[in-house]
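Structure first, then comments.
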């Protein structure tokens, strides 16, 4: 049968031209009265990467009127790649006679190694290195797929007295005898398809689309199809592919002239850029401009390509992601890069069993033995520091270091691995590999992404056992690790699905379909065209000799295949690939090249010289690619309510705790999780809340020790130190049945321990809290800063102990009860405490309906202390003090004033909501009255050393004595917390402004603020109302750019905002800030009272 070639006109849609031809063939079948069974035998063969595109075009064409009316009854068109053809069309026809098991390159290399071990003469000529074995194996596979037999290679070797060809022919002969007739070699699909086509090819129509180049196996398939089926080849608008001449028997085996470069029918521009980075940024900006100018076009209509895509791949991935452009890009990593593979290869490394630190750490850092060894990343860091800073041989046997037990367990594991991964000389392949699998199954754990790697390794093991299971493993141990690594390196680890609405990033040699916009990067003289070099075992001279020998034997196809690896043939592919790229652009084509590449000046490629004079002005696009300062709209537009509903609410999976009692569970199916600190962010700047909690935009953390990290250090160390003291003394009581109080030495010992950055293997350190704490040991200066932090906490422990001693002398006890107490759900962890305000509901909007949304207020209290009297430790005689750690002194109501008793601006405007919410949660869940609530500064003001006293309502006032009075002035039958009286010396802390005490008192004086129980409840309800109001505003889309700026005593929104770019908008619009006037504590109490009076049913909100 002959080959029909379709050459569409320039600018025509070639796929529709092909479909038109398929329908014509279908009509011809009807006119020729072919059987009905033949009408479904129309198959379009295409590369696997184009199959989805061709299928989509065929389906869309079949419903178009001009095609549908020509569709013959019973006719259908299949679209397949060669792989899908084997599985879908051939399958198990004729009882599976055409399908043979495949053999992997790993097994082939192992068998070549076996042949060399068995033949000393061959081994002396080839060598026993992995590189030599790999090179001979690849050449054997290539010759086998070319259709060249061992007899032909040996005959040529004998004729030319070529020793290397003789060795190659001998190895090829051994492989053919053992494996050639039983297995399918890698990439040899022709052995299945050709046999099937010879038997079932009659009355079938096959169409080739998108093949710009055919490898040897594909060439043999197409050659067979040309003989046994009706074959049609669709060529692109450029020059004919080289394989077409071979199919039509017009090729003499050499091509002395290169194809010319065709001009594009699309609008074309050439742009010279300073470097490759500028090229990528220009590509991203021009794509965004093209999509903006053509809104009907999707990103899927855009192609970015280059002859050397590897040098651009990483930059494209990062820049396009930054610009928000979706891309389809091949994975740059392979399975060899996966930690699981690294661990397996580490176990096969002899250095591991010599206890070399780098080899051991390679295995530990993979994470597959972390569960068995009970190691954390921080513990591994500590082990690495010890091994690098000391003699490793001494460290392994040292029993006095903190993690000696872990080192012993590591050595035990390595010893057990040595028995398996270094098997005895008499062990067979089956025994050795079975032992390795058993060891991994027993000790290793699954880590992220390890399943595909495990599957590939197990398949390689199974293949090797099947072929060489009874051989001695010692024969292959020299190349086994490198062989396995090469197998893993050939497998991509990223299996992300291809999106139809994303920019395709493909190398120039890939099969391409038409695109609206094509960008070609790297069009410089040194990048395009690529300069091919000789590859493989055979050089070009030997290939030419072998080709001529095959031609003399009448095997022209095999001769053509052999020459496909020559430099001349591969050079001929360069203009064909470029022509394919040019032809794929239907609307716009942009080509760029760097003026400088690797510190060398560059000129444009000769391929694009015809367009260089028409270079377009790119200043507009280049200007658009620069980072622009955002503009601020003077007219505020609220966020769409349905979008706010989707951004800020989540499905409500917790029903029994947070729903209103008796409420219908089907009413509110979503929940608004309100963190107290997040709501404070909303009141600082609503738009900042939108960025941080709606769009999840966060400022990148720099590797530096800032104020936030300092606060994290203090919080983390105190949390663990205080919690450790509570756990250590929770069951202790004195003779009177009272719990002990922490002393300064106790707390200093714990603080010193938990402040260390190297507490021993698998022990908690501040590095677990935030990895950025590593900066504290990065230099001598930072180590001194770390010491200062520890000293600050030591001083804090002394001051706190002084207060407890003063209280103890007044026969009063203040005992830490709990730390970091969670209420609600924080960070995915549901605390033991419930939110103090459950059952609250907001109103959201979705699908044009008002929808109830459950409100869940979450938070975490830094510390809660219990204050009790020493004569009665009943629950009624106890109160709780809520403490919130702060790095430095902080006020709750602002500085006191003679007229108004303190400024309440922070609480009134919603900038300070934590203490009252925490106190409400503590009272709600503990059942004990709140005695007070304070910010507890780690670094107190040195100028404030007031002696103050705690009166019978926990009110702290100046005292004339040193705190030596009794707890109660006179005995009383009423032992409630409201009758306590404490006098003490409270040193160091700025207590008058840092908090408030709860209770009634007639005493006056300059001291700490006090609130009655009713005032506390009123302000707490007011604070809760501020939280609910903010949450409802968020769901209503009220998120303007409105940072606060207080005139008196308040924090400046400029200085305290986390989003510096947004704060700089003040330069663009001076009216953007909301000025907040000072509010007195009296006004806050009145606001709380007004809220109570206007609420329904007596509820505060």
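Looking at the calculated P(r) for segment 479-543, what percent of the C-alpha pair distances fall above 14 Å? Don't skip to the end; give the middle numbers.
Numbers: 1629 of 2080 pairs.
When every Cα pair of segment 479-543 is considered, 78 percent fall beyond 14 Å.
Contact order, relative form, for segment 710-803: 29 percent (alpha carbon pairs under 8 Å, 6 or more residues apart, mean separation divided by residue count).
Computed over segment 710-803, the convex hull of the alpha-carbon atoms projects to a mean area of 6.8 nm².
Viscosity 1.567 mPa s, temperature 4 °C: what is the translational diffusion coefficient of segment 89-230 from Stokes-Einstein with a Kirkwood Rh over Cα pairs, rounded to a whole number of µm²/s? D = 77 µm²/s.
Averaging over all projection directions, find the projected area of the Cα convex hull of segment 485-591 and quote it in nm² with one decimal place.
Working: hull surface 40.4 nm².
Quarter of the Cα hull surface area: 10.1 nm².
Three semi-axes describe the equivalent ellipsoid of segment 668-730; taken as square roots of 5 times the Cα gyration tensor eigenvalues and ordered largest first, they are 31, 20, 10 Å. Size descriptor for segment 335-489, Kirkwood hydrodynamic radius: 16.3 Å (Cα pairs only, one decimal).
What shape does segment 105-180 have by the C-alpha gyration tensor, where a ≥ b ≥ c are the square roots of the eigenvalues, rounded means a/c under 1.5, and otherwise prolate means a/b greater than b/c and oblate the rest? Please list the in-between numbers first.
On the way: a/c = 1.72, a/b = 1.18, b/c = 1.45.
In terms of gyration-tensor shape, oblate.
Given Cα pairs under 8 Å that are at least 6 residues apart, what percent is the relative contact order of segment 372-512? Intermediate results must be reported in sequence, preceding the final value.
Numbers: 58 pairs, mean separation 32.3, N = 141.
Relative contact order for segment 372-512 comes out at 23 percent.
Taking only the C-alpha atoms of segment 448-492, Rg followed by Dmax gives 11.5, 35 Å. Rounded, prolate or oblate: which fits segment 424-552, taking a ≥ b ≥ c as square roots of the Cα gyration tensor eigenvalues, rounded meaning a/c under 1.5, else prolate when a/b beats b/c? It comes out oblate by the Cα gyration axes.
The numbers here are math on the coordinates, done by the rules we state, and not lab data. The shown structure was predicted, so the numbers you read here are calculated from the model rather than taken from an experiment.
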